[in-house]
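These notes concern the structure reproduced below.
The values are calculated or read from the model by the stated rules, or taken from the named source; none is laboratory data. All figures in this text were calculated on a predicted structure; none of them were measured in a lab. Note that we place each Cβ from the backbone using ideal geometry, even for glycine, and neighbour counts take in every protein chain shown.
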Amino acid sequence: MRSTAGVRHAPDTSGLREKRRAENFPVALRVLPERLRADLVAVYSVARTVDDLGDEAEGDRVAQLEAFSADLAAAFGNGEPEHPAVRGLLPAIRAGRLTEEPFQRLVQANIQDQRVHRYPVFADLLAYCQLSADPVGRIVLDLLGVADPAAAVLSDRICTGLQLVEHWQDVGEDYRNGRVYLPQEDLAEFGVAEEELGAAHASPRMKALMRWETGRAAA
């Protein structure tokens, strides 16, 4: 991730700055207006926090995600949120540049991750992407003041495609964490056993499956 030095952002007490540096995309390009850059970094901090609660938090992750959801509701309901990442959204919320629903979908995606570890068919995975990926594009459109339904459809397609690509590059890691995003119907179609997902070297049938999935994501 490129540096975002000079951009105002929410207090970073949980390693978010290091995580931003570890990402492979810029959160907020320097050429953007300062206010928009600050808003995008605040949004990133919230999205990163939600993912960390779902993937790394100790204890009851669902309870922690539900508490974060309540904090978001407080922020959008003119209350005073407790979490510093949510407080970072307040300037954009108070100015009417953001809506609550996309953020709540991100939380619901992470709650689903605690309960759903396999997806029988591709349509199920796409439904998950509507929670985990598409809201990000909708949030950016909100910040840009774009209300065009056609733009929203294109944004959803791009975000879903990118989410699928992220799943396909992390197949082994996800498998070791107990999650398989490759649809079960596709594993069966290509004759790939789940155990192969954690192998050090991909079999020819595994490579064929990943070519198929990558092409579908690109489409």
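Worth a mention:
- Residue under evaluation N78, criteria (1) under 19 Å from V136 (Cα atoms); (2) modelled with pLDDT under 95; (3) over 19 Å from the mean Cα position of the chain (by Cα), criterion not met: (1)
- Filtered residues of segment 128-167 (kept if surrounded by fewer than 17 Cβ atoms within 10 Å (Cβ to Cβ) and within 18 Å of G198 (Cα to Cα)): V165, E166
- With respect to (1) touching a residue at least 12 places away in the same chain (Cβ under 8 Å); (2) closer than 18 Å to V46 by Cα, the lone exception for P81 is condition (1).
- Qualifying residue in segment 182-194 (condition: in contact (Cβ under 8 Å) with a residue 60 or more places away in the chain and either in contact with a His (Cβ under 7 Å, 6 or more places away or on another chain) or not assigned by TED's automatic domain parsing to the domain that holds A133 (or both)): no
- In segment 208-219 there is at least one residue that is under 17 Å from C129 (Cα atoms), hydrophobic (A, V, I, L, M, F, W, C) and in contact with a Leu (Cβ under 6 Å, 6 or more places away or on another chain).
- Considering segment 167-219, the qualifying helices (runs of 4 or more DSSP H), each wholly inside and each with 2 or more residues that are in contact with an Asp or Glu (Cβ under 8 Å, 6 or more places away or on another chain) and either at pLDDT 95 or above or closer than 13 Å to R118 by Cα (or both), run over 184-190, 204-218.
- Some residue of segment 116-127 being of a type outside the set (K, R), in contact with a Leu (Cβ under 8 Å, 6 or more places away or on another chain), closer than 20 Å to P102 by Cβ and not in a loop (DSSP other than H, G, I, E, B): yes
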